[in-house]
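Below is one structure; the comments refer to it alone.
The values are calculated or read from the model by the stated rules, or taken from the named source; none is laboratory data. Predicted model only: the values in this text are computed from it and were never measured. A quick note on method: Cβ atoms are made from the backbone with ideal geometry, for glycine too, and the neighbour counts reach across all protein chains shown.
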C-alpha cells in the first residue's frame, strides 16, 4: 500500500482518485436527523487496549486493503502492519517518545517525529495535554464512536451472519471539512466470539460503514464523495502478544532515531557462558567467560582447535597487567605463554601500528557505546528483553574479506521485573544475547549469553601458578592470631569465608608501588587452628620476558634514538634486560621497546646480536617511524604497564609490611573493627603439616619480631670493636631487615645481642654487644653517630610464654626489683648462678622506680604440669621459656648415631615438645629434616661426655638440636659443652692407643710386683722391734 495516499484509516477517509466530485458546502447528513439520541452510558464500551485484523473496502475505486492493528492507550503505543503485493510495511507509533517508525521488508527503516508528520500520524491522532506531552486519541475518538456527536440505536440485525446491534451517527470533521454518516455494527452482548472470551462478555465492533463528503481543497486536493467499509476480524480487547508488537525487526537499523533510552550498566566483574552461532557457516561454539576489569584479567574456558590437541579442554587467561596470555591444558597441565594480540577483548591503541593493546572496559566488552538506540522489548529464548540497536563500521568479520557497508548490533537485556536464577546477586538488566548482522543481512552472528553472574570474580579463578615450578616461585605462609573475643568457632562462622578476598586486598596494598599482576600471587589456602590461622600462598616469577613484546619482522627504529645498547645472543636476553631496566621505573628511562640486529663484523663462528633499547614505543610515541632492515627485528611492549619486579623483591615488600604491622585484615563489626594482624611470615608450603599451635613445620623467617628499636642515627664503630676482643661483630650488605635479624639469631660463633641496619643500601651488622653497652649511647665508644642507621636489640621477652593472673608456686631462687617485664626477662636470661627457665612478675609499689618484683626460677611451667602448682593472683603473672629454647641449634648438622625414635610430619616445635616429655627414655637431642618434616630423637647428646663416640656430621637439609638440660629422677642435669667435629682421632687410632696402654700397663704391673716381692723378702731379714704401753697391764 502506498502510505502517502492513505492518510486516514480510523478517521475512515481515503484519498484515491475518485470520479465523484461535489460541492464542499452540500451536507451529506444532518445531525438533527439522528433521533432518538441514545444515552451514551448505554452504548457499547470500547477497550483502551485492543488488537484486530481489518479489511477496508473502498467502493469508489473497487479496492480492498487488509491490515493488522494494535492499539495500547495505557502505554501510548500503536502499530499497523500492511501487506500489498510483495511489499510488507510496518508502522510503529511511540507517543511517549514522539517517534514514528516506517519499516519495510527491504531492510529499510526510517524514523520521524509524530508531530512533524501531519499527513502520516492521523491514524491515531495527536492530543497535546496541559503539560505539553503528546498523547494518542482515545479508542472512542479513534473509531468516532460514542464521542461528542449524537448516536442513535437503529436496531438488531445480522451482519456477516453475526447478530449485531446497529448504531448510526452524523459527524462533522473540521480538520477535513468532512460531513459523514457512519453506521456502526457491534456484536450482541451474548454472542460468543470465535476467539472465545466468555468471561469478558463484551460487545466488539464487527464493521463500520462511512459515507459522505470530504473537502481537501485547503491541502491542495479536491472534494470527494466517499463510501468505505471497514470490517473487523479477530477483535481482542487486549494486545495478545506484546512482545510481537511495537518492536523493530531484528537485524535492521532505523535512521534518524532520536530517543536512546538508558542502557543497563555493565558491572566491572562478571562471568557467563557464551554460545556463538554463525548462520553463514552453520557452525557454533561455546565457552565460559570470567571477567575482572579491576584486576585486568579475562579467562576463557573452551576447547582447543586443530593446531593443538584437538577438542582438548583448555583455559585461556589474558593478563593486561603484563600483556601476556596463558594457554593451559586442563587435563595434561601443559602451559604456554604468548603475547596478547588484537582480539575481541582488546582495544588496539591508536597509532601503535597494531602492536599496542588495552583491555576493553565492561561496556566495550559487550560492544556498547553511545550510538545505541532503544528498539523496544522482544522475546528472546522466552525472556522479555529490552533491545538496543546500533550500526557500526568498526567491526571486521574474520569470515569475509569483503566487509559490508555497516554492521547492525543488537543487544538484548533482561527486562526489569524478571528473576535471574543463575546468581545470588541482584542485577536488574543482565545481558541475554548480542546479535551482529551485516547491512545486507547475509552474515549473522548470534552470541547467546547464559548464567550471567554479576558478582566479583575471585582471583583464584585466574590461577596460573601451575605454569611456574621449582625456582619459578616462592611459597610461604602468613600467620595470624585471633584477636580478643574471637575464638576458632566464631572465626569459622563469621569471618573465614571473607578472609581470602581481604587477603588479596592486603597483598595489592603491600605491592602497590609496583605494577604487580594478581596472577603472580599463588591462590591462598587457609588453615585454622585453636589460636589462629595460617594463609599458605606464594609469589611467582614474572612471565617469560619475550612474551611481553610484539614483534615486527625485518624493521628497526632509528637507532640514533636508542637509550642503551648491549651485545646479546638471542631476543630472550634482550627482552629480559629491557624488563630489568623497567623494574627501576624511574623518570629518566623506561625500556618500552628494543631492536635486535644481527652483527655482520663478528669474528666468531656463532651468530651475535646487538640490542638497542628505547624509552618509547608505538604505544607511547605515535611519531616513531620504522625503517626496513633485513637483519633486524623490532619488539614493542604489548601494553603500557610493566610487570617485571622479581619475586624476591616482592617477597621482601610483603615481609616488610608484616614486620611493620601493616598487613591487617579488617572487619567492620557495628561501630568497631575486628582486626586480624599478620604477626609472622614463614617459608613453607601448604603440604607441610602443622601442630596444634598453627605453626608451620620449619622455623619462622620473621626473626625481626624478636628485636626492638633502641636508637636511631647510630651505627656500630667497627674500628673500635675490632680493638676489643670481648665484643664480636659481623656485617653484610644487600639484606632485608628480617634477613639481618635472622643472621643474628642463628649466629653460631657468639650470642648475638644487637644489630644495626641501613634500609637504603640494606647494610646489616650484628654483634655480641649487650644492651648495657647502650645505657649511655652518646658516650659509648663502640657506636658512632651515623644518619640513616637504626640500632635494634634483642627482645628478651620473646622467648617466653605468658600466663596472666597466675603465679607458679615452685621454688623462687632469686628476687630482684625491675621496672618492666622485659627487664625481668633480661635478668632471667643473664642469670649466672643457675639456669633460669621462668619467672613470676608481681606488682610492687614500695619504690617508685621499681614497679615489679621479679622472682626467678630454674623450673619450667611445663615441668610442674603433672603436679600443678598454679595459684591465681590478681597482681602477678607468670612467664615461662618456650620448650625449644632449651635446645641449642646446630644448623646444617646431623648426629652420627642411629635415632631412638622417629616421627613423621611434625613441626620443629612439636619435635622439641615430644623430646622433652617422652617417658620411654631420656631424650637428650633431636635432628629435624627440613625437606621431609621428619624428627629423629636421641638418647645421646654431643655435650654429654658419657657418649664419647657421639659427634655431628654435615647435612644441608638437617638441623640438630642439642638439649641444654634434661630431667632425670626429678633433677635438672646439665650436659657438658657442645663440640662439633672436635674429635681429632679416628676409631682405629683410638683402639691402637687403648691396646698400647694395656701393654704398657701390664709391663708396669709386672715391674711393680717384682719390686714388691723384693721388699717383702728384705723385711723378713730385719730385726723385730716391739713397742709396749707402759700403762698397759699386760
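Results for (1) closer than 30 Å to residue 258 by Cα; (2) surrounded by fewer than 14 Cβ atoms within 10 Å (Cβ to Cβ), shown as yes or no for each residue.
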| site | (1), (2) |
| --- | --- |
| 311 | no, yes |
| 338 | no, no |
| 359 | no, no |
| 377 | yes, no |
| 399 | no, yes |
Using the structure shown, decide if residue 690 is modelled with pLDDT under 75, not in a helix (DSSP H, G or I) and not assigned by TED's automatic domain parsing to the domain that holds residue 914. yes
Region 707-755, residues that are within 15 Å of residue 794 (Cβ to Cβ), assigned to a loop (DSSP other than H, G, I, E, B) and touching a residue at least 60 places away in the same chain (Cβ under 8 Å): 746
Identify, by number, the condition in (1) in contact with a strand residue (DSSP E or B) (Cβ under 8 Å, 6 or more places away or on another chain); (2) modelled with pLDDT of 85 or more that residue 728 doesn't meet. (2)
Quick check on residue 916: is it touching a strand residue (DSSP E or B) at 6+ places or on another chain (Cβ under 6 Å) and under 24 Å from residue 837 (Cβ atoms)? no
Expected single match for without any contact (Cβ under 8 Å) to a residue 24 or more places away in the chain and over 21 Å from residue 377 (Cα atoms) among 84, 116 is 116
Which of the residues that make up region 261-290 are farther than 21 Å from residue 385 by Cβ and either in a loop (DSSP other than H, G, I, E, B) or at pLDDT below 90 (or both)? 268, 278, 280, 281, 282, 283, 285
Quick one: is residue 258 in the same structural domain as residue 91 (by TED's automatic domain parsing) and modelled with pLDDT under 90? no
In this structure, does residue 889 turn out to be buried (at least 18 other Cβ atoms within 10 Å of the Cβ) and in contact (Cβ under 8 Å) with a residue 12 or more places away in the chain? no
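Does residue 399 satisfy the condition of being over 26 Å from residue 268 (Cβ atoms), in a loop (DSSP other than H, G, I, E, B) and in contact (Cβ under 8 Å) with a residue 60 or more places away in the chain? Walk me through it before giving the result.
Details: over 26 Å from residue 268 (Cβ atoms): yes; in a loop (DSSP other than H, G, I, E, B): yes; in contact (Cβ under 8 Å) with a residue 60 or more places away in the chain: yes.
Criteria met by residue 399.
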Output the qualifying pairs, or none if there are none: Cβ atoms under 6 angstrom, residues six or more apart or on different chains, first residue in region 769-783 and in the same structural domain as residue 716 (by TED's automatic domain parsing), second residue assigned to a loop (DSSP other than H, G, I, E, B) and modelled with pLDDT under 70. none
Read through the list (1) assigned to a loop (DSSP other than H, G, I, E, B); (2) at pLDDT below 90; (3) within 30 Å of residue 553 (Cα to Cα), then give the number of the only condition that residue 358 fails. (1)
Every residue from region 73-95 that is closer than 22 Å to residue 147 by Cα and surrounded by 21 or more Cβ atoms within 10 Å (Cβ to Cβ): 77, 78, 95
Would a scan of region 317-331 turn up a residue that is assigned to a strand (DSSP E or B), closer than 16 Å to residue 547 by Cβ, in contact with a strand residue (DSSP E or B) (Cβ under 6 Å, 6 or more places away or on another chain) and at pLDDT below 90? no
Right, residue 823: over 51 Å from the mean Cα position of the chain (by Cα) and without any contact (Cβ under 8 Å) to a residue 40 or more places away in the chain or not? no
Strands (runs of 3 or more DSSP E) lying entirely in region 89-174 (those with 3 or more residues that are closer than 30 Å to residue 442 by Cα and under 53 Å from the mean Cα position of the chain (by Cα)): 99-104, 108-113
